[in-house]
Amino acid sequence: DTGVSQNPRHKITKRGQNVTFRCDPISEHNRLYWYRQTLGQGPEFLTYFQNEAQLEKSRLLSDRFSAERPKGSFSTLEIQRTEQGDSAMYLCASSSGLAVSEQFFGPGTRLTVL
Amino acid sequence: AQSVTQLDSQVPVFEEAPVELRCNYSSSVSVYLFWYVQYPNQGLQLLLKYLSGSTLVESINGFEAEFNKSQTSFHLRKPSVHISDTAEYFCAVSDFNSGTYKYIFGTGTRLKVLA
């Protein structure tokens, strides 16, 4: 097991285009999180999945953002009609189903919206 | 709502000197606390965590942090830093009240170790 992986690592797009990111968590982890990190800030929570169910969404997640986790395995985060303010590092993390367990982070996808 | 404050955005320190990176959180209810490190162009890596038990927790590379409930702090310390410790350090609180155990992060402290 090589940990949490994210693809692509970098994405450059033009304003108004749609983008999709993928996260593959550690295989036995049933919790999956998406965070967004902008320059000079700590990561901010976006959304959480327990298996395939999306149980919480931050108010940061506007209606242009959608996330899925079909079959409780990999997850995708789609941003429609991208804006320059969407430029950030998008981080995925996973953890086991224990009541308290650490989150393991992927390397992130850096999005640049021109 | 829970919040985390890392007052120092940058900390320069000479090699082999001690360092303390400060972290305060807003709520004194039961919390789980973490320090993550982010090396340049790499992802976040767990450095150490406090879940329960002893208030002093240690990492394998010489860092330690002490949970202080009365001061709502979880400061990170190392008695002697190395050049390789240059990185950004994030303090995080796990909010389990909603049942999601999501993290609330501080804004990070950039540690620069000088030769």
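Here are a few things to note about the model shown:
- Checking residue A:20 against (1) open to solvent by 60 Å² or more (accessible area, probe 1.4 Å); (2) hydroxyl-bearing (Ser, Thr, Tyr); (3) modelled with pLDDT under 95, the condition it does not meet: (3)
- In summary, strands (runs of 3 or more DSSP E) completely within region B:19-66 and bearing 2 or more residues that are farther than 25 Å from residue A:91 by Cα and not β-branched (Val, Ile, Thr) occur at B:56-58.
- Considered as a group, the residues in region B:4-18 that are part of a loop (DSSP other than H, G, I, E, B) and among the polar types (S, T, N, Q) include one that is nearest to the chain's Cα centre (by Cα), and that residue is B:6.
Condition check ((1) touching a residue at least 12 places away in the same chain (Cβ under 8 Å); (2) of a type in the set (S, T, N, Q)) across all residues:
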position	(1), (2)
B:20	yes, no
B:25	yes, no
B:41	no, yes
B:50	yes, no
B:53	no, no
B:69	yes, no
B:78	yes, no
B:99	no, no
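- For region A:78-114, a residue qualifies if it is assigned to a strand (DSSP E or B) and either more than 24 Å from residue B:39 (Cβ to Cβ) or open to solvent by 40 Å² or more (accessible area, probe 1.4 Å) (or both), and the qualifying residues are A:78, A:79, A:104, A:110, A:112, A:113.
- Filter result for the condition that a residue is of a type in the set (D, E, K, R) and farther than 25 Å from residue A:41 by Cβ, over B:49, B:102, B:78, B:69: B:69
- Restricting attention to region B:36-60 and to residues that are within 10 Å of chain A (Cβ to nearest Cβ) and open to solvent by 80 Å² or more (accessible area, probe 1.4 Å), the residue that is modelled with the highest pLDDT turns out to be B:42.
- Pair list, Cβ < 7 Å and 6+ apart or interchain, from region A:15-41 residues that are touching a residue at least 60 places away in the same chain (Cβ under 8 Å) and more than 10 Å from chain B (Cβ to nearest Cβ) to residues that are in a strand (DSSP E or B) and β-branched (Val, Ile, Thr): A:15/A:113; A:18/A:79; A:19/A:13; A:19/A:79; A:21/A:76; A:21/A:109
- Extreme residue, surrounded by the fewest Cβ atoms within 10 Å (Cβ to Cβ), among residues of region A:44-72 that are within 11 Å of the chain's Cα centre (by Cα) and facing chain B (nearest Cβ under 8 Å): A:44
- Residues of region A:24-43 that are aliphatic (A, V, I, L, M) and open to solvent by less than 40 Å² (accessible area, probe 1.4 Å): A:26, A:32.
- Scope region B:63-115; condition open to solvent by 30 Å² or more (accessible area, probe 1.4 Å), hydroxyl-bearing (Ser, Thr, Tyr), under 22 Å from residue B:42 (Cα atoms) and facing chain A (nearest Cβ under 8 Å); matching residues: B:107
The values are calculated or read from the model by the stated rules, or taken from the named source; none is laboratory data. In this text the structure is predicted, and so the values were computed from the model without any measurement. Cβ sites come from the backbone with ideal geometry, for glycine too, and all protein chains shown count toward neighbours. Heads up: the accessible areas ignore ligands, DNA and RNA and are worked out on the full protein's heavy atoms, side chains in. Shrake-Rupley method; radii C 1.70, N 1.55, O 1.52, S 1.80 Å.
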